[in-house]
Each structure stands twice: as C-alpha cells, then as structure tokens.
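A.B. asks: Supplied in structure tokens, the structure appears directly below.
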Amino acid sequence: MVDIHSHILPEVDDGAKSWEISVAMCRMAAADGITHQVATPHANDRYHYDREYLQGLVEHLQSLIGPGLALRLGCDFHLSYDNLQDVLANPARYAIQGTHYMLVELSNYSVPQQTTDCFLKLGDRGITAIITHPERNPILRESPQRVVEWAEQGCVIQMTGGALTGFWGERVRRAAHWLLEHDAVHVLATDAHDTEKRIPILSTARAAAAEICGEDVAHAMVDLNPTAVIHSQPLPYFPRPVGGTYRKTSL
C-alpha cells in the first residue's frame, strides 16, 4: 500500500510532536503493509512551508528508519488566494516530490464557486489537484455533488481511511459511502498525525472499502492509484462518476 497523505514530520505542524513519534509512526505504517509514505506538512496561514528545510527533515527521517519505508515530500496545500498565486508562479514547490500531483485542502468555512476555476488554473500550470478528504469538509459533505463535478473535471479525490471505519462520526461516514457508491473516490490515505488516534493504518480502510465497492477497487485506491501518483503517471482507476442526489439527515 502507498499512503500519499500523512503528517509524520516532527514539530512542523499539528502532526508528529517529536522525532520519536515520527519514527514510531513510520514503523507502524510499515508494519501495516505501507511501502511508501508521502510526508505532507500543512501549507497555510498558520504553518509556513519551507520546501528546502522540510526536504532535509524527510531525508533525516529516512536515515533514522532505514529502507523499509520509502519517504518523499509533498504538502497539505490550503487553497487560499496567497497560496494560489504562489503555486501558479512556482508549481513544483508544493507538488508531491517529482510529480505533477498536489494535495489541496479546502476551507471548512467557505468553498466559493470560483474554486472550480482555481483547479482549472492549476491544470494550466501542469498541476493535477488531489482534493483531500471532502467527506470531512462540513460544506462539501452536505453537497457532495460538487465533488462529483470536480472528479468529472479531472481532479483526483482522496478520502481519509478513517471516514469509512467510523472514526470521524456518522455524518462523515455517510458522505464517504455516498462518494464511493457514486465512483467519486480515487485514493484512500491515512492523514495520520500520531500513533494513538489519527494513526498511519490503511488496512482497515481497505477492508471497509472492499465491502462497499469490491476488492479490486479497494486495491486500486490503496495501491495502484497512489503508486501512479508518486510516479507522476495517469491513474489506472479513474471511473466516470455517477450523478445523484444526496439526502441530508439530522444526524
């Protein structure tokens, strides 16, 4: 399995708090069967993203854990005006190392209609947006049809594995199931932050996904597709999403 979204670098954001925790997270991921891990520290108003400094941390962490788990650098890119201007000027700065793919996190407070144009502008600069955990976004989980539209546009949709196992609650689980059932999910990732709650485990999510959409699709979302991402290749599993109406509940 390949995990393209994790906060395993120490003391750079709200993820790992020490080198010891970083190493323990890597060991946990490797024991679960994860062979490649992308470190994706936040790039937002709260956390400054210094690519060169962070690359040094990745290399040091790799030296600590050995060859059992291959690491590379990306980022958890918050889609804001300032960030967008910077990435359009420097598209390689935020992308997953050596690829044209970039994780994009949308605000929990506002997802304007211009967001679609932002994805198009990224595409014009050679960047394919990987929209992170839309099922957890309080705006998008109530209108997941927007996510379907972005998938139709060519964006990659990444779901947090814990959304399928119930870790994030029933509303998130329902939105996650709806997106899976409508063929609007391409990658499962851990979004791991620690070794106790938000852990670097993908096998349970793979099993949960297999019950919904079958073993082949689950395998594609934790292996074939994320492997293609880290090699900057087209995704082998990229179905045409199925439209539909999302029924909101009071849960």
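The values are calculated or read from the model by the stated rules, or taken from the named source; none is laboratory data. Bear in mind that the values here come from a model prediction, so they are computed numbers and not experimental data. Here the Cβ positions follow ideal geometry from the backbone for every residue, glycine too, while neighbour counts run over all protein chains shown.
Matching residues to (1) over 22 Å from Arg173 (Cβ atoms); (2) at pLDDT below 95; (3) in contact with an Asp or Glu (Cβ under 8 Å, 6 or more places away or on another chain):
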{"site": "His36", "(1), (2), (3)": "yes, no, yes"}
{"site": "His42", "(1), (2), (3)": "yes, no, yes"}
{"site": "Gln55", "(1), (2), (3)": "yes, no, no"}
{"site": "Leu84", "(1), (2), (3)": "yes, yes, no"}
{"site": "Thr115", "(1), (2), (3)": "yes, yes, no"}
{"site": "Gly126", "(1), (2), (3)": "yes, no, no"}
{"site": "Asn137", "(1), (2), (3)": "no, no, no"}
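A.B. asks: Continuing with this model, one more query. Scan the stretch 187-224 residue by residue and report those that are of a type in the set (Gly, Ala, Ser), outside any helix (DSSP H, G or I) and either at pLDDT below 95 or surrounded by fewer than 19 Cβ atoms within 10 Å (Cβ to Cβ) (or both).
C.D. replies: So in the stretch 187-224, the residues of a type in the set (Gly, Ala, Ser) come out as 189, 192, 203, 205, 207-210, 214, 218, 220.
Next, from what is left, pick out any that are outside any helix (DSSP H, G or I): 189, 192, 214.
Listed by number, the list holds a single entry, Gly214.
A.B. asks: Picking from Ala176, Ala184, which residue would you name as being surrounded by 22 or more Cβ atoms within 10 Å (Cβ to Cβ), modelled with pLDDT of 95 or more and part of a loop (DSSP other than H, G, I, E, B)?
C.D. replies: Numbers: Ala176 fails: part of a loop (DSSP other than H, G, I, E, B).
Criteria check complete, one pass: Ala184.
A.B. asks: Hey, can you tell me all the residues within the stretch 119-162 that are small (Gly, Ala, Ser) and either under 14 Å from the mean Cα position of the chain (by Cα) or farther than 23 Å from Arg93 by Cα (or both)?
C.D. replies: Initially, the stretch 119-162 is screened for residues small (Gly, Ala, Ser), giving 123, 126, 129, 143, 151, 154, 161-162.
Hits for the stretch 119-162 are Ala129, Ser143, Ala151, Gly161, Gly162.
A.B. asks: Also: Kindly indicate whether Leu79 is at pLDDT below 95, surrounded by 20 or more Cβ atoms within 10 Å (Cβ to Cβ), under 16 Å from the mean Cα position of the chain (by Cα) and within 16 Å of Thr132 (Cα to Cα). So that I can check it myself, show each step before the final result.
C.D. replies: Details: at pLDDT below 95: yes; surrounded by 20 or more Cβ atoms within 10 Å (Cβ to Cβ): yes; under 16 Å from the mean Cα position of the chain (by Cα): yes; within 16 Å of Thr132 (Cα to Cα): yes.
For Leu79, the condition - at pLDDT below 95, surrounded by 20 or more Cβ atoms within 10 Å (Cβ to Cβ), under 16 Å from the mean Cα position of the chain (by Cα) and within 16 Å of Thr132 (Cα to Cα) - is met.
A.B. asks: If I ask for residues that are of a type in the set (S, T, N, Q) and part of a helix (DSSP H, G or I), which ones from the stretch 109-130 would you list?
C.D. replies: Step one: filter the stretch 109-130 for residues of a type in the set (S, T, N, Q), giving 110, 113-116, 128.
If the condition is that a residue be of a type in the set (S, T, N, Q) and part of a helix (DSSP H, G or I), then Thr115, Thr116 are the ones that fit.
A.B. asks: Moving on. In the stretch 5-54, what residues are under 20 Å from Gly98 (Cα atoms) and in contact with a Gly (Cβ under 6 Å, 6 or more places away or on another chain)?
C.D. replies: Quick first cut of the stretch 5-54, residues under 20 Å from Gly98 (Cα atoms) only: 5-9, 34-43, 49-54.
If the condition is that a residue be under 20 Å from Gly98 (Cα atoms) and in contact with a Gly (Cβ under 6 Å, 6 or more places away or on another chain), then His7, Val38, Thr40 are the ones that fit.
A.B. asks: Right, something else. Please return the ranges of helices (runs of 4 or more DSSP H) entirely within the stretch 1-108 where 3 or more residues are farther than 23 Å from Gly126 by Cβ and either of a type outside the set (Phe, Trp, Tyr) or in contact with a Leu (Cβ under 8 Å, 6 or more places away or on another chain) (or both). So that I can check it myself, show each step before the final result.
C.D. replies: On the way: elements: 19-31, 51-65, 81-89.
Where helices (runs of 4 or more DSSP H) fall fully within the stretch 1-108 and carry at least 3 residues being farther than 23 Å from Gly126 by Cβ and either of a type outside the set (Phe, Trp, Tyr) or in contact with a Leu (Cβ under 8 Å, 6 or more places away or on another chain) (or both), they are 19-31, 51-65.
A.B. asks: Count, please, the residues in the stretch 12-59 that happen to be buried (at least 19 other Cβ atoms within 10 Å of the Cβ) and aromatic (Phe, Trp, Tyr).
C.D. replies: Within the stretch 12-59, residues that are buried (at least 19 other Cβ atoms within 10 Å of the Cβ) and aromatic (Phe, Trp, Tyr) number 1.
A.B. asks: Right, here's the next one. Which condition number in (1) part of a strand (DSSP E or B); (2) closer than 18 Å to Leu180 by Cα; (3) not β-branched (Val, Ile, Thr) is the one that Pro138 fails?
C.D. replies: Checking Pro138 against (1) part of a strand (DSSP E or B); (2) closer than 18 Å to Leu180 by Cα; (3) not β-branched (Val, Ile, Thr), the one that fails is (1).
A.B. asks: Of all residues in the stretch 2-11, which are over 12 Å from Leu71 (Cβ atoms) and surrounded by fewer than 24 Cβ atoms within 10 Å (Cβ to Cβ)?
C.D. replies: Pro10, Glu11
A.B. asks: Okay, moving on. May I ask you to list the residues in the stretch 209-227 that are without any contact (Cβ under 8 Å) to a residue 12 or more places away in the chain and at negative phi? Spell out how you get there, then give the answer.
C.D. replies: Of the residues in the stretch 209-227, the ones without any contact (Cβ under 8 Å) to a residue 12 or more places away in the chain are 210-211, 214-216.
Those that are without any contact (Cβ under 8 Å) to a residue 12 or more places away in the chain and at negative phi: Ala210, Glu211, Glu215, Asp216.
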